[in-house]
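Notes for the one structure printed next.
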Amino acid sequence: MRPTSGKVLLALFNILGNIHGKSFLDLFSGSGRVAATARLKGASSVVLVESDRKRHAAIVKSAPDGVKCLCADVRRAVPRLAKSGESFDVIFSDPPYNLGWGEELPALIAANESILAQGGVWIFERSEEEEPAQLDAEKWEREDRKYGGTVLSFYTRRNDE
């Protein structure tokens, strides 16, 4: 496990600004730190997804009130959440670096785009060596911010017109 560094975490929440009252989804949660920070910064609804049972159990013990913890593979959790009609203002994903998620994750989010609320943002934390697959430029905008060897890619859906 390679947790999001303090520097990157600080940058993330500075860029997001006021998240009070927003819904937040943390994919590949790891330690649960990003989800806990979102809740402490006022996110109204926080859901995290962690597939490792031991890490999930540790998160459940320490998660602040209002954080829903799912023990599931992201490949199953995202379609399930989308199918149940859930959508989030902010989606943060920090998958293991250099294991193919740069190809797989953008496709998964695009196939379940209703999981991202209109006007919402999806953040993909990745290694600078792992360029993510391109999404349809007519539907998605992307902005990258680099912190050492870590890149935060911010995706927003273009308005349906």
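Just so you know, all these numbers are worked out from the coordinates, no wet-lab data involved. Since this is a predicted model, take the numbers as computed values, not measurements. Methodologically, a virtual Cβ is constructed for each residue, glycine included, from the backbone with ideal geometry; neighbour enumeration extends over all protein chains shown.
So the values come out like this:
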| quantity | calculated |
| --- | --- |
| Partners for LYS83 among aspartates and glutamates (Cα-Cα distance below 14 Å; same-chain residues under 8 apart left out) | GLU113 |
| Estimated dipole of region 91-161 in Debye, rounded to 20 [Cβ of Lys and Arg +1, of Asp and Glu -1, Cα centre] | 200 debye |
| Value of [θ]222 nm, deg cm²/dmol, for the chain, DSSP H segments ≥ 4, -39500 (n - 2.57) each, nearest 500 | -9000 deg cm²/dmol |
| Above-threshold pairs, the threshold being 25 Å between Cα atoms, out of LYS41/LYS68; LYS22/LYS54; LYS68/LYS146; LYS22/LYS68 | LYS22/LYS54; LYS68/LYS146 |
| Residue with peak Gaussian network fluctuation, the chain [Cα springs, cutoff 10 Å], from ASP144, ASP94, ASP136 | ASP136 |
| Region 37-76: relative contact order as a whole-number percent, Cα under 8 Å and 6+ apart | 49 percent |
| Rel. contact order, % - alpha carbon contacts under 8 angstrom, at least six apart, region 17-161 | 19 percent |
| Inter-probe distance in nm under a simple model that places probes 7 Å from Cα toward Cβ, at LEU10 and ARG55 | 2.4 nm |
| Percent RCO, i.e. relative contact order, over region 24-93, from Cα pairs under 8 Å lying at least 6 residues apart | 39 percent |
| Binned Cα-Cα distances of region 1-54, short to long, each 5 Å bin given as a whole percent | 5, 20, 30, 26, 13, 5, 1 |
| P(r) tail fraction, the chain - alpha-carbon pairs more than 23 Å apart, % | 32 percent |
| Electrostatic dipole magnitude of the chain [Cβ: Lys, Arg +1; Asp, Glu -1; Cα centre; debye, to 20] | 820 debye |
| Gaussian network model of the chain, Cα within-10 Å springs - most flexible of LYS41, LYS61, LYS139 | LYS61 |
| Separation in nanometres of the label points that stand 7 Å from Cα toward Cβ, at GLU128 and LYS83 | 4.1 nm |
| Reachable aspartates and glutamates, given that their alpha-carbon falls under 17 Å from the alpha-carbon of LYS7 and they are not under 8 places away in the same chain | ASP94, GLU125, GLU128, ASP144 |
| Rounded to 5, the percent of DSSP beta bridges in the chain classed as antiparallel | 45 percent |
| C-alpha center-to-center spacing [region 27-66, region 84-161] in angstrom | 19 Å |
